[in-house]
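Enquirer: Encoded as structure tokens, here's the structure I'll be asking about.
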């Protein structure tokens with residue numbers, strides 16, 4: 001039973017590492033140049049602060065995820081990992097929210113502010129950003145599951161003890 | 001000692017309730033109409049999905065914060081409150097990130113996407129949104145402190161027990 005749990009946790013951490021790495025790479029390589037009325041128009045993730053933040057947050061999460069994969073199962077550092085998971089879940093949530101808010105404006109525009117949608121002009125770039133956001137979303141869900149599982153296993157003995 | 005701790009927690013929860021309520025109200029009442037070349041131009045929080053999300057998240061947090069204030073200190077529900085605090089901290093983080101990303105575009109614009117800043121036209125509206133974001137930020141910091149304190153008190157006996 002303990003072995004199955006350990007394998008499940010390892011697989012979840014592998015998924016978390018893979019998806020955050022994929023999100024960072026896909027977003028970082030998103031780039032498209034298009035010309036409109038002989039004026040060259042370039043779309044790049046570095047032009048949007050929210051997308052830069054998304055890449056940095058996912059890069060940090062993937063480095064952390066990679067290091068945790070090699071932590072021996074009897075290490076005392078696992079206590080710290082619960083707190084770190086919580087911090088990373090917050091960081092990833094914040095980065096994907098900011099990126100989603102901007103992506104929504106890029107897709108739909110905001111007629112009240114006079115911001116036009118740009119996805120019609122740079123659809124390849126838009127699709128790539130959407131892919132990165134989807135990968136980032138899977139990463140967050142995985143971290144949320146890991147966190148809730150950790151809270152469950154940490155709190156449960158305490159609950160039994162007190163009642 | 002236990003009494004001082006309880007008073008501190010109560011004060012923190014009072015601050016969390018007050019700031020999230022203030023953030024929701026200030027954002028919800030933000031509104032300005034200005035005319036530009038005889039064309040009336042209206043700025044309202046409902047025109048931006050991210051700001052609507054911010055109001056809803058802060059309203060939920062303030063209702064929850066209000067209810068928790070009246071929870072008796074020996075209630076078993078306090079165990080649930082730790083998990084609820086974590087969920088609310090995530091919700092508030094996500095809402096303020098999205099609102100900040102949009103507010104940044106409103107303030108600075110994005111020249112690459114052709115989105116012009118609108119704060120020059122509706123400065124009163126902009127200032128009110130900034131105020132709401134500041135109040136929301138204090139609310140998140142308070143929830144983060146409450147959460148870290150709860151994790152500390154829940155994990156500590158376990159740490160002592162195991163080593």
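Enquirer: Would you check which residues across the range B:82-115 are free of Cβ contacts under 8 Å to residues at least 40 places away in the same chain and closer than 20 Å to residue B:153 by Cβ and list them?
Expert: Once the filter is applied, which keeps residues that are free of Cβ contacts under 8 Å to residues at least 40 places away in the same chain and closer than 20 Å to residue B:153 by Cβ, the range B:82-115 yields B:83, B:84, B:87.
Enquirer: Next question, about the same structure. What are the pairs, 6+ residues apart or on separate chains, where a residue within the range A:117-143 that is within 11 Å of chain B (Cβ to nearest Cβ) and surrounded by fewer than 17 Cβ atoms within 10 Å (Cβ to Cβ) has its Cβ under 7 Å from a residue that is modelled with pLDDT under 90 and not in a helix (DSSP H, G or I)?
Expert: Within 7 Å, the pairs are A:117/A:109.
Enquirer: Residue check: is residue B:70 loosely packed, with under 13 Cβ neighbours inside 10 Å and more than 30 Å from residue A:40 (Cα to Cα)?
Expert: Answer is yes for this residue.
Enquirer: Here's another thing I want to ask about it. Might you let me know whether the range A:150-159 holds any residue that is farther than 30 Å from residue B:114 by Cβ, touching a residue at least 40 places away in the same chain (Cβ under 8 Å) and either at the interface with chain B (Cβ under 8 Å from one of its Cβ atoms) or in contact with a strand residue (DSSP E or B) (Cβ under 7 Å, 6 or more places away or on another chain) (or both)?
Expert: There is at least one residue in the range A:150-159 that is farther than 30 Å from residue B:114 by Cβ, touching a residue at least 40 places away in the same chain (Cβ under 8 Å) and either at the interface with chain B (Cβ under 8 Å from one of its Cβ atoms) or in contact with a strand residue (DSSP E or B) (Cβ under 7 Å, 6 or more places away or on another chain) (or both).
Enquirer: Related question: Can you tell me which condition residue A:11 does not meet? The list is (1) exposed (fewer than 13 other Cβ atoms within 10 Å of the Cβ); (2) assigned to a helix (DSSP H, G or I); (3) within 12 Å of chain B (Cβ to nearest Cβ), and all the others hold.
Expert: Status for residue A:11: all satisfied but (3).
Enquirer: If you take the residues of the range A:79-90 that are in contact with a helix residue (DSSP H, G or I) (Cβ under 9 Å, 6 or more places away or on another chain) and more than 9 Å from every other protein chain (Cβ to nearest Cβ), which of them is farthest from residue A:52 (Cα to Cα)?
Expert: Selected residue: A:81.
Enquirer: Which residues, taken from the range B:95-131, are farther than 24 Å from residue A:54 by Cα and in a helix (DSSP H, G or I)?
Expert: Matches in the range B:95-131: B:123, B:124, B:125, B:126, B:127, B:128, B:131.
Enquirer: Same structure, new question: If you go through the range A:31-60 one residue at a time, how many are part of a loop (DSSP other than H, G, I, E, B) and at pLDDT below 85?
Expert: Of the residues in the range A:31-60, 2 are part of a loop (DSSP other than H, G, I, E, B) and at pLDDT below 85.
Enquirer: Looking at (1) in contact with a helix residue (DSSP H, G or I) (Cβ under 6 Å, 6 or more places away or on another chain); (2) within 10 Å of chain A (Cβ to nearest Cβ), which is the only condition residue B:41 fails?
Expert: (1)
Enquirer: To continue, here is another question. Here are some residues: B:102, B:60, B:96. Which one is surrounded by 14 or more Cβ atoms within 10 Å (Cβ to Cβ), within 17 Å of the chain's Cα centre (by Cα) and at the interface with chain A (Cβ under 7 Å from one of its Cβ atoms)?
Expert: B:102
Enquirer: Of the residues A:67, A:76, A:71, which single one is more than 7 Å from chain B (Cβ to nearest Cβ) and either outside any loop (DSSP other than H, G, I, E, B) or touching a strand residue (DSSP E or B) at 6+ places or on another chain (Cβ under 6 Å) (or both)?
Expert: Residue meeting the stated conditions: A:67.
Enquirer: Looking at the range B:16-27 only, could you name the residues that are surrounded by fewer than 20 Cβ atoms within 10 Å (Cβ to Cβ) and farther than 13 Å from residue B:64 by Cα?
Expert: Selection gives B:22, B:25.
The values are calculated or read from the model by the stated rules, or taken from the named source; none is laboratory data. Since the model is a prediction, treat every value here as computed from it, not as a measurement. Every residue, glycine as well, gets a Cβ built from its backbone with ideal geometry; the counts of neighbours run over all protein chains shown.
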